[in-house]
Number of protein chains: 2
Amino acid sequence: MQDDAMHDDPLVGRRASSGTHIGFPMGSGAGVTLTDVARAAGVGESTASRVLRSHGSFSSKTRASVLEAAARLGYVPNRIAGTLASTGSKLVGIIVPSLANIVFPDLLRGANSVLGKAGFQSVIGVTDYDLVGEEALISSLLSWRPAGLLVAGLEHTPRADAMVRGGGIRIIEMLDTDGAGIDMVVGFSNRDAGRAAARHLIARGYRRIGYVGHDLALDLRAAKRFEGFRAALAEAGLQVAGQMIAPVPSSIAAGRGALDRILHETPDLDAVYFSNDDMAIGGYFLCLSRGIGIPDRLALFGHNGLEVARCAPQPLSTIRTPRVEVGEASARLISSDGPPSIVTLDFELIEGATT
Amino acid sequence: MQDDAMHDDPLVGRRASSGTHIGFPMGSGAGVTLTDVARAAGVGESTASRVLRSHGSFSSKTRASVLEAAARLGYVPNRIAGTLASTGSKLVGIIVPSLANIVFPDLLRGANSVLGKAGFQSVIGVTDYDLVGEEALISSLLSWRPAGLLVAGLEHTPRADAMVRGGGIRIIEMLDTDGAGIDMVVGFSNRDAGRAAARHLIARGYRRIGYVGHDLALDLRAAKRFEGFRAALAEAGLQVAGQMIAPVPSSIAAGRGALDRILHETPDLDAVYFSNDDMAIGGYFLCLSRGIGIPDRLALFGHNGLEVARCAPQPLSTIRTPRVEVGEASARLISSDGPPSIVTLDFELIEGATT
DNA sequence: ATGAAAGCGCTAACAC
DNA sequence: GTGTTAGCGCTTTCAT
């Protein structure tokens, strides 16, 4: 009956709006259907559809009138209907644990830029580092029948794992290659990053090396780095000379506080490995405040290669992770039809001035 | 014909998958329709639908069998179809200019947390500070028939403006109250923030005040702050004693470089107002490197109240903006049915140690 | 080159 | 309390 009401004047509809704006069809946009456009152009629905999607064949004359009608009516295609009628959607789900750490916006940025160019829309989900929350998000995202799913990390609940496997879509796990993936995996080995950090400190001559981290039960990748770190120390006959783990998400304040505490407990450390750059910058700020000489009295090593770490008066020694690149590469795989595979992108150790 | 094929055994279908995983229905998830569930439960489609949405009435016995069937078949509802059949969708579009500056992830975070709790999914769009790109994104997002649109900023192309007005949905413009909104507006006055910064510096006794900013043609809100800043200086009979605008997006490196240059050109500045905290932290790092005494030789003032600014050895004097809160408040308005309105959230001037 | 018609999977009256 | 029946707006054979 909506149709009936609109047959006479398809331009009248929906909005009570006073039509204040100019230069654009009145009562426009939503509400105008392909049927309206077809009728206004004097062609059939399917023809209008073909023209609007530049798919199939039609005369240039038909083309012109359809386009004109669409523009005049302010037609906005309904992708919900389009998706339902055709096969797959142009929605891609992206699941990250947090948005508070710039690492994940970086990942999103990389993914979104590539996806956007390919005509996909990103639907995001934030788990707050909770695997059960992730499961709920996956279920919810799957109900939008996305073309694929990008998710940070390899660890999932059994149900989440089963769901995505049953979804019949491409699933890309990001930022971690230490473990088994479901379908595609794009990232790097956090374990290796931890090892690289340890080897660097050892090579530089440090021996009383401590660790300052944040909640490892939540941040599984930080835990893997720490694991690799300890392994490399052990290979050199060393062990962690002290550790301090703040039971909170990583932050500059947490890093600052944790370094303060570990230096009380273990004053003779000569170097500290931080769970990431946020924590490390906090440590760096503490040293500046306290007048603790870097790197002579204490060396600092981080992880991620954030801008703030690179631009500090003494650039932080750290490992640059290819976050944006991981996002980009992952997004590209959405349209791939190849077999499951693993893409490893290299991290880069930055020898700053803090070691 | 799909239906026909599945009548006999609804569990067989779609996926060629070898069914490697265990503890979950085989050939599951996508592909199983409500019809399948209804049939398996021995009830009608609409009854199954009611049960699954806990809407309408049904016996607890029916409820049990439907739920059992859904679980057994691994049914994942198809929201695309659901949305098309019902009225509005549970998708909300969020448009931000960038993800490279933590300010926008903060905004997203606030919005997404509230949206998620209300059963909405966030579909994001990144404009790269390009209004034409924004227009394209709006058009694209609108085609998903979202329940509403959250967009940073008040400035849009005429077409974009017309489109959202014609969309018949709630539209919330965020982070700026200096100008006319389309529907709802949630934010604060950047002009006032600039004025507050200027007044603070003046009250502290600074007179040779410079400005270090980033590309103002793109960042319209930074431009408004600068405008308010100059106005307040003028009211005190002062004017900007020098300015340096890096023709790039804001960053720590840009702030550092720009301060370096302005100090060459105008060595006798006694204070600098930065377009935001990223730029200001860059300036702060330069001063640390050069041994420029803060605030005696040079005072620094930023904008945003980022964690890095608050945790620095000398906490940066800045203005804390309620980014997360703006996101939260905006998200809450999506479901509102009130008239267009403006919500102003206060910013807070932080008197740090750099002024 | 174009149109008619049959759905896509679900929700929402409306009967029973 | 439950089933039947229309669509939602579009894409897609299949004729013509």
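The values are calculated or read from the model by the stated rules, or taken from the named source; none is laboratory data. On a predicted model such as this, the values are computed, not experimentally measured, just so you know. Cβ sites come from the backbone with ideal geometry, for glycine too, and all protein chains shown count toward neighbours.
When B:A118 is tested against (1) within 9 Å of chain A (Cβ to nearest Cβ); (2) away from DNA strand D (no atom under 16 Å from the Cβ); (3) of a type in the set (A, V, I, L, M, F, W, C), just one condition goes unmet, and that condition is (1).
Of all residues in region B:201-224, those that are within 16 Å of B:A258 (Cβ to Cβ) have Cβ atoms under 7 Å from Cβ atoms of residues that are β-branched (V, I, T) and in a helix (DSSP H, G or I), 6 or more apart or on another chain, in B:G210/B:I262; B:V212/B:I262.
Could you tell me whether A:G31 is modelled with pLDDT of 95 or more and either within 16 Å of DNA strand D (Cβ to nearest atom) or within 10 Å of chain B (Cβ to nearest Cβ) (or both)? Show your work before the answer.
Working: modelled with pLDDT of 95 or more: no; either within 16 Å of DNA strand D (Cβ to nearest atom) or within 10 Å of chain B (Cβ to nearest Cβ) (or both): yes.
No; evaluated as a whole, the condition is false for this residue.
Of the residues making up region B:305-332, those that are buried (at least 23 other Cβ atoms within 10 Å of the Cβ) and in contact (Cβ under 8 Å) with a residue 60 or more places away in the chain are B:L306, B:S317, B:I319, B:T321, B:R323, B:V326, B:G327, B:S330, B:A331. Restricting attention to region A:50-74, and to residues there that are near DNA strand D (Cβ under 7 Å from one of its atoms) and within 14 Å of another protein chain (Cβ to nearest Cβ), which single residue is farthest from the chain's Cα centre (by Cα)? Step by step, filter region A:50-74, then rank; the result is A:L52.
Answer yes if at least one residue in region B:89-104 is at pLDDT below 95 and within 16 Å of DNA strand D (Cβ to nearest atom), and no otherwise. Yes, the conditions are met somewhere in region B:89-104. A:Y129 meets each of the listed conditions (1) in contact (Cβ under 8 Å) with a residue 60 or more places away in the chain; (2) more than 11 Å from chain B (Cβ to nearest Cβ); (3) in a helix (DSSP H, G or I) apart from (3). Residues that are under 25 Å from A:S335 (Cβ atoms) and in a helix (DSSP H, G or I) were ranked within region A:154-194; the one that is farthest from the other protein chains (Cβ to nearest Cβ) is A:A160. Of the residues examined, B:Y206 is not one that is away from chain A (no Cβ under 14 Å), part of a strand (DSSP E or B) and more than 18 Å from B:S341 (Cα to Cα). Restricting attention to region A:121-136 and to residues that are touching a helix residue (DSSP H, G or I) at 6+ places or on another chain (Cβ under 8 Å) and aliphatic (A, V, I, L, M), the residue that is nearest to A:L99 (Cα to Cα) turns out to be A:V126. Looking only at residues of region A:142-153 that are closer than 20 Å to A:S336 by Cβ and within 7 Å of chain B (Cβ to nearest Cβ), we find that the one that is surrounded by the fewest Cβ atoms within 10 Å (Cβ to Cβ) is A:R145. Of the residues making up region B:49-88, those that are assigned to a loop (DSSP other than H, G, I, E, B), within 11 Å of DNA strand C (Cβ to nearest atom) and closer than 14 Å to A:S143 by Cα are B:R53, B:V76, B:P77, B:N78.
May I ask you to list the residues in region A:89-107 that are part of a strand (DSSP E or B), more than 30 Å from A:T47 (Cα to Cα) and in contact with a Pro (Cβ under 7 Å, 6 or more places away or on another chain)? Show your work before the answer.
Keep residues of region A:89-107 that are part of a strand (DSSP E or B), which gives A:91-96.
Still in the running and more than 30 Å from A:T47 (Cα to Cα): A:93-96.
Passing the criteria: only A:G93.
Within region A:75-115, the set of residues being facing chain B (nearest Cβ under 7 Å) and within 26 Å of A:D219 (Cβ to Cβ) comprises A:L99, A:A100, A:I102, A:P105, A:L108, A:R109, A:N112.
Evaluation of B:S336 against the conditions (1) surrounded by fewer than 19 Cβ atoms within 10 Å (Cβ to Cβ); (2) away from chain A (no Cβ under 14 Å); (3) closer than 23 Å to B:L233 by Cα shows that the sole unmet condition is (3). Taking region A:132-141 as the range and being surrounded by fewer than 21 Cβ atoms within 10 Å (Cβ to Cβ) and more than 8 Å from every other protein chain (Cβ to nearest Cβ) as the test, the residues that pass are A:V132, A:G133, A:E135, A:A136.
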